[in-house]
1. What number, in percent, do you get for the relative contact order of the chain if the mean sequence gap of Cα pairs under 8 Å and at least 6 apart is divided by its residue count?
2. Relative contact order of segment 91-177: what whole-number percent is it, with Cα pairs under 8 angstrom and at least 6 residues apart?
3. One quarter of the convex hull surface, Cα atoms only: what value does that give for segment 1-123 in nm²?
4. When a/c is below 1.5 the answer is rounded, else prolate if a/b is larger than b/c, else oblate, so apply that to segment 135-238 with a ≥ b ≥ c taken from the square roots of the Cα gyration tensor eigenvalues.
5. First obtain the Kirkwood hydrodynamic radius of the chain from its Cα pairs, then insert it into the Stokes-Einstein equation at 37 °C and 0.692 mPa s, and state the resulting D in µm² per second as a whole number.
6. So, R0 is 41 Å and r is the distance between the beta-carbons of residue 253 and residue 130; what FRET efficiency does that work out to, to 0.05?
7. Can you tell me, using C-alpha contacts under 8 Å and at least 6 residues apart, the relative contact order of segment 98-241 as a whole percent?
8. Between residue 114 and residue 30, what is the label-to-label distance in nm when each label sits 7 Å out along the Cα-to-Cβ direction?
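Nothing in this text is a laboratory measurement; each read-out follows from the coordinates by a stated rule. These numbers were taken from a predicted model, which means no experiment stands behind them. Note that each Cβ is placed from the backbone with ideal geometry, even for glycine, and that neighbours are counted across all protein chains shown.
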């Protein structure tokens with residue numbers, strides 16, 4: 001009888017410790033979530049405040065009783081934000097499509113094809129990741145300028161169509177698919193391109209989706225290269241637009257309108273991430289492990 005009571009008490013104590021542990025973990029996660037999400041809340045809140053009420057606040061308020069959408073109208077009329085949106089969409093879609101055309105066959109070649117010096121070439125390829133970004137930017141700028149591609153979509157797109165990291169991630173994922181499947185396809189007379197598109201890509205779809213979304217985010221947030229290679233407003237991206245709003249004095253004076261522009265630019269990426277967050281996590285996890 002005593003033994004049964006002791007066992008019951010130990011079980012209750014274990015459950016209590018587990019409950020306390022979970023409570024502490026979730027409390028810490030909640031605090032961390034508030035810290036991470038607060039800047040987004042403050043950005044959205046500021047964008048809904050009128051110019052007068054914002055400037056009248058000697059002590060910032062964490063709420064507003066008279067929200068307004070005027071700042072969003074002001075943001076689109078102060079600069080050609082709609083035109084920058086269109087340019088960014090063109091740049092993002094074209095760059096992402098070309099990246100997939102280059103990355104998928106390259107990853108397949110390193111994962112399945114046998115050719116002399118493959119491993120040495122792949123090591124040399126990975127070593128490119130060690131080169132500082134600043135050196136690459138200088139080289140790309142010189143090359144694009146010599147080709148007379150400044151202030152063109154081609155000049156914006158070309159330096160961003162290849163990624164060593166995405167090729168590596170997809171190559172690791174392709175190698176997880178049993179090689180016997182590839183050999184069986186070859187025995188049946190299936191061509192490499194047909195095997196790649198009809199079998200390998202569908203099997204590895206989570207990773208393909210992941211690199212696609214990551215590339216879209218990368219292109220949407222591009223700042224340094226577009227600022228460097230374009231000075232013609234006809235080719236400005238959203239990053240150029242935000243900088244222009246700040247530099248022309250409008251953004252420095254009208255902070256709510258500036259925040260409205262930032263909200264408009266941020267929302268598509270936030271929605272994209274929320275929709276595909278599970279696929280992104282699954283793709284990165286699957287691509288980074290050897291099965």
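1. 31 percent
2. Averaging sequence separation for qualifying contacts and normalising by length gives 60 percent for segment 91-177.
3. Working: hull surface 79.5 nm².
Its average projected convex-hull area is 19.9 nm².
4. Numbers: a/c = 3.12, a/b = 2.56, b/c = 1.22.
Judged from the Cα gyration tensor, segment 135-238 comes out prolate (a/c at least 1.5, a/b above b/c).
5. Numbers: Rh = 23.3 Å.
In µm²/s, the coefficient rounds to 141.
6. 0.40
7. Values: 88 pairs, mean separation 47.7, N = 144.
Result for segment 98-241 is 33 percent.
8. In this crude spin-label approximation the distance works out to 6.0 nm.
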